[in-house]
1. What is the magnitude of the charge dipole of the range 3-74 about its Cα centre, with +1 placed on the Cβ of each Lys and Arg, -1 on the Cβ of each Asp and Glu, and no other charges, expressed in debye to the nearest 20?
2. Out of Cys76, Ala89, Ile99, whose Cα points farthest toward the positive end of the dipole of the range 1-100 (charges: +1 Lys, Arg; -1 Asp, Glu; placed on Cβ)?
3. Answer with one residue from Val30, Val59, Thr10: the one whose Cα lies farthest towards the positive end of the charge dipole of the range 3-74, charges on Cβ with Lys, Arg +1 and Asp, Glu -1.
4. Straight-line reach from Lys34: which aspartates and glutamates fall under 19 Å, measuring Cα to Cα and dropping same-chain residues less than 8 apart?
5. Report, in deg cm²/dmol and to the nearest 500, the calculated mean residue ellipticity at 222 nm for the chain, where each DSSP H run with n ≥ 4 adds -39500 (n - 2.57) and the sum is divided by the residue count.
6. Whole-Hz Karplus ³J(HN,Hα) for the range 23-32, in order, using 6.51 cos²θ - 1.76 cosθ + 1.60 and θ = phi - 60°, x for Gly and Pro?
7. Determine the relative contact order of the chain: mean sequence separation of Cα pairs under 8 Å and six or more apart, normalised by residue count, in whole percent.
8. The list (i) 18; (ii) 33; (iii) 66 gives values of percent of Cα pairs over 24 Å apart, and only one came from this structure; which label was calculated from it?
Amino acid sequence: MGKKEKIRNTVLEILEKDEKARNSDRYLYVAVVKELNPQLLNMPFKDAMMNDIPCMETVRRSRQLIQHEFPSLRGCDNVQAQRELEEKAWKKRAINWGIKLENYVYKKSGVKVGE
């Protein structure tokens, strides 16, 4: 199993059992680190960052794709509304930068950014 797949599976397990993790990427990230490498939580920040710590963006992307695939694992309505606003703002910036969103597809899921 590859590193990204292991992170995705860990994120899925955490989202299934911990509602709070569905609403907070920071909380989810700490839960993922605790699951994959708990000794990192007891290290000074600088030392933990020099170890094999999961990328926070990989955890966030995994959460986003999983919640798209499994709507029952989405955050509460307020969190979902805020995430949708942020996504719309990102899309607007991307368009202003000249990025063609209709051509952008998440590699593993096949989900288009515009969906």
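Derivation of every value follows stated rules applied to the coordinates shown; laboratory data play no part. On a predicted model such as this, the values are computed, not experimentally measured, just so you know. Counting neighbours? That spans all protein chains shown, and the Cβs are built from the backbone with ideal geometry, glycine included.
1. Values: 14 positive and 11 negative charges, 32 e Å.
It works out to roughly 160 debye.
2. Result: Ile99.
3. Val59
4. Partners found: Glu5, Glu13, Glu16, Asp18, Glu19, Asp25, Asp47, Asp52, Glu57.
5. -19000 deg cm²/dmol
6. In residue order, the calculated couplings are 9, 9, 5, 5, 4, 4, 4, 4, 5, 5 Hz.
7. Once divided by the residue count of the chain, the mean separation gives 22 percent.
8. Answer by label: (ii).
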